[in-house]
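Let me begin by presenting the structure, written as structure tokens, before commenting on it.
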Amino acid sequence: MEQDPPHMFYAGWLADYPDPDSFLRVGVSTYADILWNREYSELILAASEASGMADRLALYAKAERLLIQEAAIMPVIYFQRHFLLKPWVRRFPISPLKGWFWKDVVIEPDPGDVGSTASGVPSTRLESDRG
């Protein structure tokens with residue numbers, strides 16, 4: 001691809017961590033050389049070295065505008081995930097990167113199902129606990 005680059009190609013990127021750097025430095029460098037534009041690479045370097053969050057975000061915003069103005073990257077779609085959860089799923093936390101961790105999911109017994117949990121696994125509660 002480097003020797004005979006196409007005029008256009010389709011690619012996708014999901015953030016590794018919730019920070020503009022994951023898209024504007026890591027994501028872009030996965031498919032192209034961030035040195036394609038000196039001003040862009042200087043903005044990205046300055047942002048990665050900035051200590052204040054407001055300064056970092058301002059520098060990344062300038063780099064993002066430049067990226068769009070130069071049409072180096074054109075967003076075509078934005079990925080979404082939809083979840084349909086049963087009523088007995090009481091806790092299903094989703095990270096900012098749209099990941100989930102089964103260890104944090106809470107499933108409560110279905111109150112109408114005597115003797116088993118919502119998952120079909122026998123309940124560990126005693127009959128006297130059922131009230």
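Counting only residues that are assigned to a loop (DSSP other than H, G, I, E, B) and in contact with a Lys or Arg (Cβ under 6 Å, 6 or more places away or on another chain), how many does segment 35-68 have? Residues flagged as assigned to a loop (DSSP other than H, G, I, E, B) and in contact with a Lys or Arg (Cβ under 6 Å, 6 or more places away or on another chain) within segment 35-68 amount to 1. May I ask you to verify whether K98 is at pLDDT 70 or above and exposed (fewer than 10 other Cβ atoms within 10 Å of the Cβ)? In short, no.
The values are calculated or read from the model by the stated rules, or taken from the named source; none is laboratory data. Being a predicted model, the structure only gives us computed values, none of them experimental. Cβ coordinates were reconstructed from backbone atoms using ideal geometry, including for glycine residues, and neighbour counts include every protein chain displayed.
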